[in-house]
Every structure is written in C-alpha cells, then in structure tokens.
Amino acid sequence: MSERLDMTVTYAVHNALRRELGHVARAVAVHRADLRRVLRVAPGWGMFHSALHAHQAAEDEALWPSLRRALAGRPFDLTRLEAIEAEHAALVFLIEAVDDGLADVHIGPDLLEELVDCLVTGLDKHLDHEEETVLPLVQAVLSQQQWDHFGRAHARKIEPCVAGFLPWLLDGADERTVASVLDQLLPKHAHHVYVRRWRPQYEALDLWGTRYSAAVTRP
C-alpha cells in the first residue's frame, strides 16, 4: 500500500543523519585524544550540524504545529508528539554543549567524548522514535496542503546551503531517491548544476579526515 504523503525527502534526511552518526562515532573511537581538533576542522561535522538544525527547525516551526492542531481531542497521540518535541529540545541542548566543548580547551577529552556519545545515541534513538510513532500520525491526519507547507519551510531552511546540502543528503542514496529528491528540491533546469558542479565539489572533500588518517597509518 502506497503512502498518502510523499516522505522521500524526510526519510532521506534521516538516513543521511544516521550515516553521519557512524562517522562521528568512528571519529570518537579513532581520534579520542584529538577529537576536538578533528571535529573542529572536519567539513563533515559542519554539514551534519547544519543539516540537523535545518531539518529540526522546519519540523518545529511548520510540521509539529499543524500536527498538534490535527490531533486536537486525541490526548494520547498529543503525548506522543510532545515526547518528540522534548527530544528535539534535548538534542539542541546537546549540540550546544558539544559546540561549547569544541570551543573551550578547558573542557577535557573525557567530557567531550561523553557529550558526543550522548548526541550519537540520542539522535539515533530519536530518529527511530519519530519514524515509528509520529510520522505514521502525520500520514494519517495531515492534509496534502499541510505537508506541502512543511516542505516549503524545509526548502527555505536549506536554501542558503543547498549546493552543499543536496550532495551531502544524497551521498549513497539509490537512484530512485536521488531522482525524487532532486525533483522536489531543485528546478529541473538546475539538475545539471548538481551533477556537474555540486556533486564533484562535495566528492572532492575529505569530510572526516579519513584520507589523512589512511595516509598516516599506511605501512
């Protein structure tokens, strides 16, 4: 049975965030003593940070209010939504704490590692929770107009960094997802810009310092 609302972009963002959580976890494991420097200079950390902020800000501003109105008179389902909103607030706090840890050399590596681990674990569980409990509610009660309103808000959030966001988002995605996301987020006449310029620029980046690490450790 096909879904009523097309959530391809939302699931693509979730999958990209999960992919980056793997990179962050590996950075903690491999570069524990030098984690502050690695994350501060890694382009991948900045992209992850920006994408998470844009996605959650669009949900907070344009999706959850519509869902709250649609769930009026359904206290149990409203509690589910409130739990997701509370998780958003906790993740914002964690991101800010990690940022403080990256900026403040007086915060030791043990505390910084703990904060990053909490972010990785918390976001992974949040994405699962959102997909299992709240997105089905969105499918059930929101109108196409309300979902399109969220889509436009999300597009506005990513517009300032779209040249980096789109290849980041579609890194490792299957062809069907790539085609659907590009159709939704980019005018047809601009697809060639993504293929010829934005994706090659993204692919040239050493997002998490893995090329440097490989060169150092290679016998």
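The values are calculated or read from the model by the stated rules, or taken from the named source; none is laboratory data. Everything numeric in this text was worked out from a predicted model, so none of it was measured. Using ideal geometry, Cβ is built from the backbone for each residue, glycine included, and neighbour counts are taken over all protein chains shown. Only protein heavy atoms, including side chains, enter the accessible area calculation; ligands, DNA and RNA are left aside. Shrake-Rupley method; radii C 1.70, N 1.55, O 1.52, S 1.80 Å.
The mean sequence distance of close C-alpha pairs (under 8 Å, at least 6 residues apart), as a share of the length of the chain, puts its relative contact order at 37 percent. Highest mean packing comes first when the peptides 74-84, 13-23 are listed by Cβ atoms within 10 Å, giving 13-23, 74-84. The residues of segment 58-210 present an accessible area of 53 Å² per residue when probed at 1.4 Å with all protein chains retained.
Potential lengthening of the chain between residue 129 and residue 26 amounts to 34.7 nm, from the contour at 0.36 nm per residue minus the alpha-carbon distance. Here the chain is treated with +1 on each Lys and Arg Cβ and -1 on each Asp and Glu Cβ, and its dipole about the Cα centre works out to around 800 debye. Compared with the direct C-alpha span, the chain from residue 107 to residue 53 gains 17.1 nm at full extension, assuming 0.36 nm per residue.
Mean sequence separation of contacting Cα pairs (under 8 Å, at least six apart), scaled by the length of segment 42-161, corresponds to a relative contact order of 46 percent.
Of the solvent-accessible surface of segment 50-109, computed with a 1.4 Å probe and all protein chains present, 62% belongs to carbon and sulfur.
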